[in-house]
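J.: Submitted below is the structure of interest, expressed as structure tokens.
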Amino acid sequence: MSNQAEQNFAGKVVIVTGGGGFIGRAITSAYLAAGAQVVICGRRPPAQPIAVNGRQAYFVAADIRDPAQSQQVVDATVAEFGRLDVLVNNAGGTPGVEAATAPAALTEKIIALNLTAPLVLAQQAYCAMQRCDGIGNIVNIASVAGARPAPGTMAYGAAKAGLLSATKSLAMEWGPTVRVNAIIVGLVNNPAAAEHYGGAEGYRNIAAMLPLGRMAEPEDIAAATLYLSCEQSAYVSGATLEVDGGGEVPVFLHLAKS
């Protein structure tokens, strides 16, 4: 994979949903460093503006679960920069909740954020991309939870599995003018989530179990995102790129060694 400095996004306009968040900030910074104009959206602006090489991310306040507000993000992007080339459906997440006791309203909210919203925004972005020259690109940020059992986050896993399926369908429907790809994100190094893994020691043990011996950094996800939306991947569409350090080793192998 070429490094970001070799990927030229000058003249390109990119939307990154959740672009001020932990992974989103790295994706936003990478596109800015590669020469793009970047629009980020969220319910609140980032604590610190995101700027690289004299370019600052343009923030639009929006709850993307509301189709009218997500349309406003697309409209504001085109009004400000005149075009839209790339959409990164990055916003998402979930609280931990047992499937047997999850309130129906919470399940609906999780699916709305992680599946319905990116699908609607993809439609809206597609329409805008049809009015521009060149090939449009949509990158859906999915999760390993959508590719294997996700106990404790059942609705989230189901939503991300749906997003992976939709990626392939949209790639077939929208080619050749728009490419659509997805990234399956594995475990990411986020110190704020250390307690979820049993504290610092548990965090280190889980990282050591991965084939590459570490969790992903946000910049790893950003590099994959740029690759899937740049000229080097011009014949890649409907693909799912696993960025998980080789995957989670089956538990029985560790039990067999203990």
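J.: Once you order the gyration tensor axes a ≥ b ≥ c over the Cα atoms, which shape class does region 98-159 get: rounded for a/c under 1.5, otherwise prolate or oblate by comparing a/b with b/c?
T.: The shape class here is oblate.
J.: Could I ask something else about it? What is the dipole size for region 13-243, taken about its Cα centre, with +1 at each Lys and Arg Cβ and -1 at each Asp and Glu Cβ, in debye to the nearest 20?
T.: Dipole about the Cα centre, nearest 20: 40 debye.
J.: Another question, if that's okay. So, for region 58-213, what is the accessible surface per residue at a probe of 1.4 Å, expressed in square angstrom?
T.: 47 Å²
J.: Let me ask something else. Amide H neighbours of Asn137 under 5 Å, at least 5 residues apart or on other chains, H built in the peptide plane: list them.
T.: Here the answer is Val86, Leu87, Arg179, since their amide H atoms fall under 5 Å of that of Asn137.
J.: How would you classify region 145-240 from its alpha-carbon gyration tensor, with a ≥ b ≥ c the square roots of the eigenvalues: rounded for a/c under 1.5, else prolate if a/b is greater than b/c, otherwise oblate?
T.: Note, shape of region 145-240 comes out oblate.
J.: Please compute the Cα-Cα pair-distance distribution of region 13-243 with 5 Å bins starting at 0, giving whole percents from short to long.
T.: 1, 7, 14, 19, 21, 17, 11, 6, 3, 1, 0
J.: Which residues' amide hydrogens lie under 5 Å from the amide hydrogen of Gly19, considering only partners 5 or more residues apart or on another chain, with H built in the peptide plane?
T.: For Gly19, the qualifying residues are Cys41.
J.: Each residue of region 146-157 in turn: what ³J(HN,Hα) in whole Hz from Karplus with 6.51, -1.76, 1.60 and θ = phi - 60°, glycine and Pro shown as x?
T.: With the stated coefficients, region 146-157 comes to x, 10, 8, x, 10, x, x, 9, 4, 5, 4, x Hz.
The values are calculated or read from the model by the stated rules, or taken from the named source; none is laboratory data. Values in this document were obtained by computation on a predicted structure and should not be read as measured data. Note: ideal-geometry Cβ built from the backbone for every residue, glycine included; neighbour counts use all protein chains shown. For accessibility, only protein heavy atoms count, side chains too; no ligands or nucleic acids. Shrake-Rupley method; radii C 1.70, N 1.55, O 1.52, S 1.80 Å.
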